[in-house]
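Every number here is computed from the coordinates shown, using simple stated rules; none is lab data. Values in this document were obtained by computation on a predicted structure and should not be read as measured data. Here the Cβ is made from the backbone with ideal geometry for all residues, glycine too, and neighbour counts use every protein chain on show.
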Amino acid sequence: MKSQSFQASTLWVLADNQRTRRFDERADHQADGTPQDDAYDEITLTELHYQRVL
């Protein structure tokens, strides 16, 4: 991504998925506190925005 002049990478992680959040944080992604709710049928899942400066 850096070689293609991207400044940052972003991803959305399920808020309740602690294992994935720890993995992403070890890879220098930082949660910026922005939540997003996605509704799938009758279920709403909350995701958190993560970003890593390249």
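Between [x] 94; [y] 120; [z] 84, which entry matches volume of the Cα convex hull per residue in Å³ as derived from the coordinates of this structure?
Looking at volume of the Cα convex hull per residue in Å³ for this model, the match is [z].
I need the phi-derived Karplus couplings for the stretch 31-48: 6.51 cos²θ - 1.76 cosθ + 1.60, θ = phi - 60°, integer Hz, Gly and Pro marked x.
Listing the rounded values in order: 6, 9, x, 7, x, 8, 9, 10, 9, 10, 6, 9, 10, 10, 10, 9, 10, 10 Hz.
Roughly speaking, what is the stretch gain from GLU25 to SER5, that is 0.36 nm per residue apart minus the C-alpha to C-alpha distance, in nm to one decimal?
Gain on extension, GLU25 to SER5, equals 4.9 nm.
Which whole-number percent gives the relative contact order of the chain, counting Cα pairs below 8 Å spaced six or more residues apart?
47 percent
Counting other Cβ atoms within 10 Å of each Cβ, which GluC sites (Glu not before Pro) in the chain have at most 11 and sit in a DSSP loop?
Here the GluC sites (Glu not before Pro) that fit, given the DSSP loop and packing criteria, are GLU42.
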